[in-house]
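Q: So that we are looking at the same thing, I have put the structure below in structure tokens.
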Amino acid sequence: MNGAVTATEAQRRYMVERHLKARGIRDERVLEAMGRIPRELFVPERYRHNAYCDEPIPIGCGQTISQPYITALMVQALELKGTEKVLEVGAGSGYHAAVLGALAREVITIEIIPELAEMARRNLEVAGCGANVRVILGDGSLGYPPEAPYDAISVAAAAPEIPPPLVDELRDPGRLVMPIGSLDEQELIVLTKSGGATSTRVAALCRFVPLQGGEGWRFD
Ligand code: SAM
């Protein structure tokens, strides 16, 4: 077998060492998954040379794929073991769902923009990451009740507060991660539900696109 490392594999290794490990990502399963999943297949062709840079990349329809560090931080915060059913709100390119799919039993990812839902499906299939990931076209600001409860929920768009329906759809015990704040700047909040109570911590400062649709939980 030829053990030569391709240029893309080298970029992926660099991303893991420089943008993830060196910045404090410790979960070996997250590092392994992101060191294996072909991120370049989730990025529009004209940006592929930037696929492993630590910056958001446009994916069309005014949306972006988050920088690798933020994806890793969000996924690490969920502390997945491999048995979970996970809801993602905001499929975008499908990359974050692919990482979740590598670490959990089942992933449902909901996307409000039809072109992006279609693109996420296609990207997941081409990358060979779609077996346990289902892309739903719809408004996820109220979650996705038909499949609730979820062991973990990851929201990739910002709102002024965590939509209460998402907390209701979270299993006890369970974890939710979501950017909360103003349009310009948010805190990445990790909510833990346990023993009938919830607690929150701030994982990082961040800047996400706003959550669309829904009633009451978005920016006016
Ligand atoms: N996780 C994505 C990835 O890996 O490429 C990046 C997501 S991008 C930062 C945010 C996504 O959330 C956009 O695709 C946007 O259309 C979607 N979105 C915004 N509001 C939504 C809503 N209410 N329901 C579902 N998706 C929503």
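Read the figures in this text as sums done on the coordinates, not as results from a lab. Computed from a predicted structure; not experimentally measured. Every residue, glycine as well, gets a Cβ built from its backbone with ideal geometry; the counts of neighbours run over all protein chains shown.
Q: Which of Ala51, Ala33, Ala102 ends up with the largest GNM mean-square fluctuation for the chain, with Cα atoms connected below 10 Å?
A: Ala33
Q: Report relative contact order for region 1-127 in percent, whole number only (criteria: Cα-Cα under 8 Å, sequence separation at least 6).
A: 23 percent
Q: Pull up the DSSP beta bridges for region 39-168 and report the antiparallel fraction as a percent, rounded to 5.
A: Values: 3 of 17 bridges.
Of all bridge pairs located within region 39-168, approximately 20 percent are antiparallel.
Q: Shifting gears a bit: Which of rounded, prolate or oblate describes region 103-175 when judged by the alpha-carbon gyration tensor and an a/c cut-off of 1.5? Mind showing how you got there, number by number?
A: Working: a/c = 2.28, a/b = 1.41, b/c = 1.61.
Note, shape of region 103-175 comes out oblate.
Q: Checking the a/c ratio against 1.5 first, then a/b against b/c, what shape does the Cα gyration tensor give for region 1-62?
A: Oblate shape, in that a/c is at least 1.5 and b/c is the bigger or equal ratio.
Q: Still on this structure, I have one more. Mind putting a number on the dipole of region 24-120 about its Cα centre? Charges go on the C-beta only, +1 for Lys and Arg and -1 for Asp and Glu, and I need it in Debye to the nearest 20. Don't skip to the end; give the middle numbers.
A: Values: 9 positive and 14 negative charges, 39 e Å.
Using Cβ point charges on Lys, Arg, Asp and Glu, region 24-120 gives about 180 debye.
Q: Hey, another quick one. What distance in nm lies between label points placed 7 Å from Cα along the C-beta direction at Glu17 and Thr64?
A: Using points 7 Å along Cα→Cβ, the separation is 2.7 nm.
Q: While we're here: Counting DSSP beta bridges in the chain, what percent are antiparallel, to the nearest 5?
A: On the way: 20 of 40 bridges.
Here the antiparallel bridges make up roughly 50 percent for the chain.
Q: Principal axis lengths of the chain from Cα atoms, whole Å, largest first?
A: Answer, in whole Å and largest first: 53, 35, 33 Å.
Q: Next question. Can you tally the net charge around Glu125? Count Lys and Arg as +1, Asp and Glu as -1, for every other residue whose Cβ sits under 14 Å from the Cβ of Glu125. It would help to have the intermediate numbers written out before the result.
A: Values: positive: Arg121, Arg122, Arg134; negative: Glu118.
It works out to a net charge of +2.
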